[in-house]
Each structure stands twice: as C-alpha cells, then as structure tokens.
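The block underneath contains the structure these notes are about, expressed in structure tokens.
The values are calculated or read from the model by the stated rules, or taken from the named source; none is laboratory data. Fair warning: this is a prediction, and the values are worked out from it, not measured in the lab. When we count neighbours, we look across all protein chains shown, and the Cβ atoms used for this are built from the backbone with ideal geometry, even at glycine. Ligands, DNA and RNA are stripped out before the accessible areas are found, and what is left, the full protein with its side chains, is counted by its heavy atoms. Shrake-Rupley method; radii C 1.70, N 1.55, O 1.52, S 1.80 Å.
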Amino acid sequence: MTGIGLVLAVGPELIRQPWLLVALAIYFVNLAIAFFVQRPSLRRLVGIRAAADDRGWQARARRQRYLSYLMAGLVGTIGFLMSSKPVLW
C-alpha cells in the first residue's frame, strides 16, 4: 500500500528520478520475498521442535538466516538510494 501511495503522490516525477524506480522495484522484490518465501518457511521452522543435533532443522534455520540477511541488504540498498539519489541514467 505504501509503495502504491508513493507512486500516486509522486506521479510524473517518478520518471525523472530513476533511482526512485530502482528503489521501488527493490521494495516490491523484498515484499514478494517476505510474503511468498520467508513467511511460509519461517512458519514451518517455528512449528518444528529441534534436538541439539537435528541437522535438518539447522539447515532450514541457516537458509532463513541468509534470506533475512538478503532482505536486510535490500532494505539497506533502498536507504542508500534514497539518501544519495544517484544519477543512474
């Protein structure tokens, strides 16, 4: 909803600011990862009890951790684009 609101508020200025288009694209990719990948996987991970030596649970937890790092990196990239406003093309 916030991304759509931003596009409606900025309107034609969006085309003149390509960094904003890139930031919005990253935002939508991050939302898709959170909704379609992270949430179902996290729900499965939380619902399983793990023993100290359960390799399957540890592997799933590691994948979730790396996915969380990716999502945090995407948010950081959006922050960088918003603060530096680079000329992309």
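Observations on the model:
- Members of region 14-34 that are among the hydrophobic types (A, V, I, L, M, F, W, C) and more than 12 Å from Met82 (Cβ to Cβ): Leu14, Ile15, Leu21, Ala25, Phe28, Val29, Leu31, Ala32, Ile33, Ala34
- Only one of the listed residues (Val7, Val37) is in a helix (DSSP H, G or I), under 30 Å from Arg63 (Cβ atoms), open to solvent by 50 Å² or more (accessible area, probe 1.4 Å) and not basic (Lys, Arg). That residue is Val37.
- Qualifying positions in region 10-31 - out of contact with any Phe, Trp or Tyr (no Cβ under 8 Å at 6 or more places or on another chain), at pLDDT 80 or above and open to solvent by less than 40 Å² (accessible area, probe 1.4 Å): Trp19, Leu20, Ala23, Leu24, Ile26, Asn30
- Cβ-Cβ under 6 Å pairs, at least 6 apart or on other chains, region 1-27 side without any contact (Cβ under 8 Å) to a residue 12 or more places away in the chain, far side open to solvent by less than 40 Å² (accessible area, probe 1.4 Å) and not β-branched (Val, Ile, Thr): Leu14/Leu20
- Whichever residue in region 52-85 is surrounded by 11 or more Cβ atoms within 10 Å (Cβ to Cβ) and not in a helix (DSSP H, G or I) and, among such residues, is modelled with the lowest pLDDT: Asp54
- Residue list for region 61-83, restricted to those being of a type in the set (Ser, Thr, Tyr) and touching a residue at least 60 places away in the same chain (Cβ under 8 Å): none
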